[in-house]
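Below is one structure; the comments refer to it alone.
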Ligand SMILES: NCc1[nH]cc(CCC(=O)O)c1CC(=O)O
């Protein structure tokens, strides 16, 4: 007798299908049950507006969450950076698996790295966070670039470079990895130059909070270090009262002494999109053992950033 399949709600994009497919296999292994994909269309997929105009937070996840709450699917996989920071009581963030490469990358024409771009290079990104840091990096290199707001899926964005409309586009390494296109990257941008979006590179597996068996089974896919890191990053974002379309970057990583993990370091940045002003700070603390400890690290850094004028730099946000 075969057990009843678990229904995994997923968006239809190639990226969503790739990451859902990978999680489906892992869930099937830990539960011993087959997993079937159920396609769901979200507002973020159908709208042609710029993300910053839609308001950002939640456009990709709302429809998936509604399907979960209606019981049409058993669990859903989100890119963690697209997930709004407040967790609804009815839904459990059952697992945050090991994070993929958190970096942003450049895909430029003719194999160019960022430092090799010519003056006036047109670089596509719709993200105020990327604009702020790319413009600041360019300034440090004595280079002038023009950031051009674009959106669309990975194919569309890379297409602007292949078609000659843009000199380069900046994307998340993790997304390219999941669809097997890292071979096209011309520059991996170090996190100490371009801090990624909070949660970038990590996935979130959500299910109904009252489905205790499933919550427990999915928890086997959780990586406590990734969870602590992204919790601290998202706490920083929440404490800055910023959304996913705000110019906020954050990245937490473990500091080790030889083989022994010593501390969690959290770095954060807020800036104006022209890159003329950035507030970039870092803090370290003992590796958090509880959700509250990870949250505290984020709040601590947010308070320091706000004291340095971070709030004034987020004036461009829409909501
Ligand atoms: N904003 C869209 C989005 N949401 C998640 C990813 C893929 C990377 C990830 O899972 O963090 C991307 C594409 C990108 O930013 O290039």
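Tabulated values for the structure
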item: Length released on extending from residue 182 to residue 18, taking residue separation times 0.36 nm less the Cα-Cα span; result: 57.6 nm
item: Cα-only radius of gyration and Dmax that characterise the chain, units Å; result: 19.4, 67
item: Most mobile listed residue (189, 15, 255) in the chain, GNM with C-alpha springs under 10 Å; result: 255
item: Highest average packing first - 147-153, 231-237, 8-14, 200-206, Cβ atoms within 10 Å; result: 231-237, 200-206, 8-14, 147-153
item: Distance between the range 90-140 and the range 153-217 - C-alpha centres, whole angstrom; result: 10
item: Expected-Rg normalisation [2.2 N^0.38 Å, Cα atoms] applied to the range 229-313; result: 1.09
item: Most mobile of 271, 168, 258 in a GNM of the chain (Cα contacts under 10 Å); result: 258
item: Sequence of 79, 282, 20 once ranked by neighbouring C-beta atoms within 10 Å, starting from the fewest; result: 282, 79, 20
item: Residues of the range 57-100 with amide N under 11 Å of a point placed 7 Å along Cα→Cβ from residue 222; result: 92-97
item: Inter-probe distance in nm under a simple model that places probes 7 Å from Cα toward Cβ, at residue 90 and residue 262; result: 4.7
item: Relative contact order, percent, the chain [alpha-carbon distance under 8 Å, six or more residues apart]; result: 21
item: Compactness index (Cα Rg / 2.2 N^0.38 Å), the range 73-199; result: 1.15
item: Where labels lie 7 Å past Cα in the beta-carbon direction, separation of residue 26 and residue 140 in nm; result: 3.2
item: Helix-derived mean residue ellipticity, 222 nm - over the chain, DSSP H n ≥ 4, -39500 (n - 2.57), to 500; result: -9500 deg cm²/dmol
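Quick note: the coordinates plus some simple rules give every number you see, no bench work behind them. From a predicted model like this one, the values you see are computed outputs, not experimental measurements. Note that we place each Cβ from the backbone using ideal geometry, even for glycine, and neighbour counts take in every protein chain shown.
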